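Asks: If you scroll down you'll find the structure; I have some questions about it.
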Amino acid sequence: MTQPVRIAQLSCGPEYSGIQHEIDEAAREVGGEIFYPDVALKDIRRDFTKFGLDVKSPDLKLAIARAIALVEGRVEADAVFIATCFRCAEAAIVRNELRRYINEHSRLPVVSYSFTERTTSGTLLTRMEALTTIARRRALLARETQKGLTLGLDSGSATTKAVVMRDNRIIGTGWQPTTEVIKSANEVIAHALSEAGVTRDEIQAVGTTGYGRFLIGKEINADLIQEELTVNSKGAVYLANRQHGPATVIDIGGMDNKAISVMDGIPGVFTMGGICAGASGRFLEMTAKRLGVEITELGPLSMKGFGGRVPMNSYCIVFGTQSLVNALAAGSTREDVAAAACHSVAEQVYEQQLQEVDIKEPVIMVGGTSLIEGLVFAMGELLQTKIVVPPYSQYIGAVGSALLASGFIKDD
Amino acid sequence: MTAYTPTHVGSVTKYVMVESFDITPADLALRGYEISKGVMIKETCFGLVISGKEEEVDRIVTELRKIDPDHIFVKDRGFPPGDARRCRANLGGARPGYNGLEFEMSIIPYVSHGLEALKNIDEKTVPPMENPLERPLLDIYKLKKLIDAQES
Amino acid sequence: MVKVFIYPATSLILSDMVARFGHTPLSSATAIRERIQTAGLESPPLQITPEEPKKGLKWAAVEVPAGVRGRMSLYGPMIEACEAAIIINDADLAFGCMGCARTNELIKFLVHQKDIPRLELNYPKNDDEGVKFVAAIKRFLTELGEAK
């Protein structure tokens, strides 16, 4: 058995919210082990003062001292998990600053999370898996070129995607909305194979990612089953040809959004959000439906409008849609409404998630929503930067999987 | 979620800490074992952990206190001794409460001194401690003094 | 014997003083012991389940963080049950059960709301203060016993 990945927990509150065992369980499921960096009282006093953030909660002082012990190498760890109570301002400040501090001063991958009593191991699983992957599979993630003939499959909550790659080129793709998970996967695989002109037997290695990765991975006997945080980061910098140095990857998905701060293709800090559907691709789908256009037409439509002319009083998918309906009834143009919807999603992701990662250029947008140019434009405006949308961006997870899977081809 | 069946129901666990030049936790343990009558006693770096039926634990604690009443301190513990959920070996580091205890152990010598002193004086004759809630922000005469000091 | 709520509730010193001078300290350990020795759903390490933050709604509204409400489910009943209280105000390094400043503010407020004998102090910083500290506590606890 391999050694568990040692994940240092810096936290305030999980034991008292009744969710500590959910954290422990999520870590255990992906071969990790939660531990608390050991510090003495004199370390806490010295390091808390040295850090200079004068918080009042003793457990946050302890978290600060533990973070410094990790960065200075007095306590060894493979990864760091920072968790504090949702809605605690004091803890949110500490969480952010520790995340930034660890990221800047060490190579430890960090994930931060604000929990409620409803947090389950399921919600934490992908994040923990990404942490253990980064810690354990640095060699695999270092891969920069695809070789041989490989298949990548991304079984997402909204859509299923497949690509076939040969010698660093994409030669076949398949895409469709996710209905029955296995059926959708088989169909997109068949499409990608036929477009590539190869048979399943010729494929040398297969990788899966996305929500359905475990189910499909087992079904099609995948060599690599990997969460979408590391896979999408890898796919993004590969397709954007930015494999070296820093980058920020934004993926606004059907069910949740990812914001990943990447260095040399490996995630350093990342967040996954999914509390509100108003900040997801789903909201844009609903907007398109209400405007009577295909989702593919929403982007061009929104580029002709100006969102500022439409009052949007809520980020909620229900009330947000209501605002758009009201605006249409009050005479707003469809173009303005489309632009307002794009702005609303971009703004919510910006306010709620991008604050948790350090935005470093280039900013790469991926996933199906990156094809909605109004959304990309709105995000660029908010971040004051030109956003990179690489070719095949909607296939990001599948491409990342196919790329990484080539590490599993056995040399004859 | 799985069902939880507690162990040690009805038992109590207490820490007996010692902060003294004259006796060590080992001395305390030795005396504890003599009178334990089957009650679980475990040595730690600060003192002992005693666990069993409440009357039994209280009896031993009362006896142990007699050895050096001003330097032996007792507190309840929620977990039975060696519980894996709180054990340093399993957690990779001390539970947070340990650092709090570490802090109070640095204050204990002053408390011991107080206990010793009060054997010879009536506590009613000791002037009260400043109430931290009633302390004025800055005394007006003190402020005047500060201003004068600045000007000179 | 009077039930005396101690703050910090994890304090060795206060727990000892209250018991030494003949009363019952209400501390974190006794609240945790109750959780640990009660059958229910498995929720290590403290046997505080996600139900506890919901019970905490009695003392703090739903927009208050789960960690505060979970802690209040331990302390709320103790504050209701206590007949006297000793509060050390400069307890800035009490971790774990007393690790959240917002909970601690609420605990102190609720204790202040109760019409019960209360002693407010700081930790002693030297031998002289040690004498005053022990004398104040001894006096307070003795008077409690006499009043009873």
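Asks: Would you mind pulling out the separation of the Cα centroids of region C:1-16 and region C:33-107, in Å?
Replies: Between the Cα centres of region C:1-16 and region C:33-107 lies a distance of 15 Å.
Asks: If you don't mind, there's one more thing I want to ask. Return the loop-located GluC sites (Glu not before Pro) in region A:75-151 (DSSP other than H, G, I, E, B) with at most 12 other Cβ atoms within 10 Å of their own Cβ; answer none if there are none. Don't skip to the answer; put the middle values down first.
Replies: Working: sites: A:E76, A:E90, A:E97, A:E104, A:E117, A:E129, A:E144; in loops: A:E76, A:E117, A:E144.
Answer in residue order: A:E76.
Asks: Could you tell me which GluC sites (Glu not before Pro) in region B:105-146 are loop residues by DSSP with no more than 14 other beta carbons within 10 angstrom of their beta carbon? Numbers along the way, then the final one.
Replies: Working: sites: B:E116, B:E123, B:E130, B:E134; in loops: B:E130, B:E134.
Hits after loop and neighbour filter: B:E130, B:E134.
Asks: If you don't mind, another one. P(r) tail for chain A, what percent of Cα pairs lie past 31 Å?
Replies: Looking at chain A, the distances longer than 31 Å represent 40 percent of pairs.
Asks: Another one. For region A:101-246, give the share of DSSP beta bridges that are antiparallel, in percent and rounded to the nearest 5; count only bridges with both residues there. All intermediate terms of the calculation are to be shown ahead of the outcome.
Replies: Details: 15 of 22 bridges.
Here the share of antiparallel DSSP bridges comes out near 70 percent.
Asks: Something else: Could you grab the relative contact order for chain A? Cα pairs under 8 Å, six or more apart, rounded to a whole percent. Present the calculation step by step, with values, prior to reporting the outcome.
Replies: On the way: 908 pairs, mean separation 65.8, N = 412.
Contact order relative to length: 16 percent.
Asks: Under a 5 Å amide H to amide H cut-off, with H placed in plane at 1.01 Å, what residues pair with A:S112 once short-range neighbours are removed?
Replies: A:I82, A:F270
Asks: Report the net charge of residues surrounding B:E43, where surrounding means a beta-carbon distance below 15 angstrom and charges are Lys +1, Arg +1, Asp -1, Glu -1.
Replies: Surrounding charge for B:E43 is +3.
Asks: Count the lysine pairs in region B:11-125 whose Cα atoms sit under 18 Å apart, keeping only pairs 8 or more residues apart in sequence or on different chains.
Replies: Going through region B:11-125 pair by pair, I get 11.
Asks: Now a separate question. Quick one: among A:I64, A:I396, A:I295, which has the greatest mean-square fluctuation in a GNM of chain A with alpha-carbon springs under 10 angstrom?
Replies: A:I295
Asks: Let me ask another. When a/c is below 1.5 the answer is rounded, else prolate if a/b is larger than b/c, else oblate, so apply that to region A:81-146 with a ≥ b ≥ c taken from the square roots of the Cα gyration tensor eigenvalues.
Replies: It comes out oblate by the Cα gyration axes.
Asks: Taking only DSSP H segments of four or more residues, each worth -39500 (n - 2.57), what value at 222 nm results for the protein assembly as shown once the sum is divided by all its residues, to the nearest 500 deg cm²/dmol?
Replies: -14000 deg cm²/dmol
Asks: Determine ³J(HN,Hα), in whole Hz, for all residues of region A:6-20 in sequence, where each value follows from phi through the Karplus function 6.51 cos²θ - 1.76 cosθ + 1.60 and θ = phi - 60°; x replaces Gly and Pro.
Replies: Calculated HN-Hα couplings, in order: 8, 9, 7, 9, 10, 8, 9, x, x, 5, 8, 9, x, 10, 4 Hz.
Asks: Can you bin the protein assembly as shown into rounded, prolate or oblate? Criterion: square roots of the alpha carbon gyration tensor eigenvalues sorted a ≥ b ≥ c, rounded for a/c under 1.5, prolate for a/b above b/c, oblate for the rest.
Replies: prolate
Asks: Residue-wise, which Karplus ³J(HN,Hα) couplings in Hz belong to region A:174-191, taking 6.51 cos²θ - 1.76 cosθ + 1.60, θ = phi - 60°, and x for glycine or proline?
Replies: 3J(HN,Hα) across region A:174-191, in whole Hz: x, 8, 6, x, 6, 10, 7, 4, 6, 4, 4, 5, 4, 5, 5, 5, 4, 5.
Asks: If I measure Cβ to Cβ between cysteines in the protein assembly as shown, which ones have no partner under 4.7 Å?
Replies: Among the cysteines of the protein assembly as shown, those whose Cβ sits 4.7 Å or more from every other are A:C12, A:C276, A:C316, A:C342, B:C45, B:C87, C:C82, C:C97, C:C100.
Asks: Something else about it: Long-range amide H contacts for A:V39: which residues qualify at under 5 Å (H placed 1.01 Å from N, peptide plane, sequence gap of 5 or more or a different chain)?
Replies: Here B:A94 satisfy the definition.
Asks: Under a Cβ-Cβ cut-off of 10 Å, what is the net charge of the residues other than A:R99 that fall near it, where Lys and Arg count +1 and Asp and Glu count -1?
Replies: Residues near A:R99 contribute -2 overall.
Asks: With a/c under 1.5 counting as rounded, go ahead and sort region A:5-136 into rounded, prolate or oblate using the C-alpha gyration tensor (a ≥ b ≥ c being the square roots of the eigenvalues; past the cut-off, prolate if a/b is larger than b/c, else oblate).
Replies: The shape class here is oblate.
Asks: Let me confirm one metric for peptide A:108-120, namely the mean number of other chain beta-carbon atoms within 10 Å of its residues' beta-carbons.
Replies: So the per-residue partner count for this stretch is 2.
Asks: Right, something else. Among the trypsin sites (Lys or Arg not before Pro) within region A:101-161, which fall in a DSSP loop and have no more than 15 other Cβ atoms within 10 Å of their own Cβ?
Replies: Those satisfying the criteria are A:R107, A:R118.
Asks: Out of residues 5 or more away from C:L26 or on other chains, whose amide H comes under 5 Å of its own, with H placed 1.01 Å from N in the peptide plane?
Replies: Placed amide hydrogens put C:V4, C:F5, C:I6 under 5 Å from C:L26.
Asks: I want to check the label-to-label distance for C:L57 and A:H105. Put each point 7 Å from Cα in the C-beta direction and report it in nm to one decimal.
Replies: Output for this residue pair reads 4.2 nm.
Here, each number is a calculation from the coordinates, and none is a lab measurement. Small disclaimer: the values here were computed from a predicted structure and weren't measured. Positions of Cβ are backbone-derived with ideal geometry, glycine not excepted, and every protein chain shown enters the neighbour counts.
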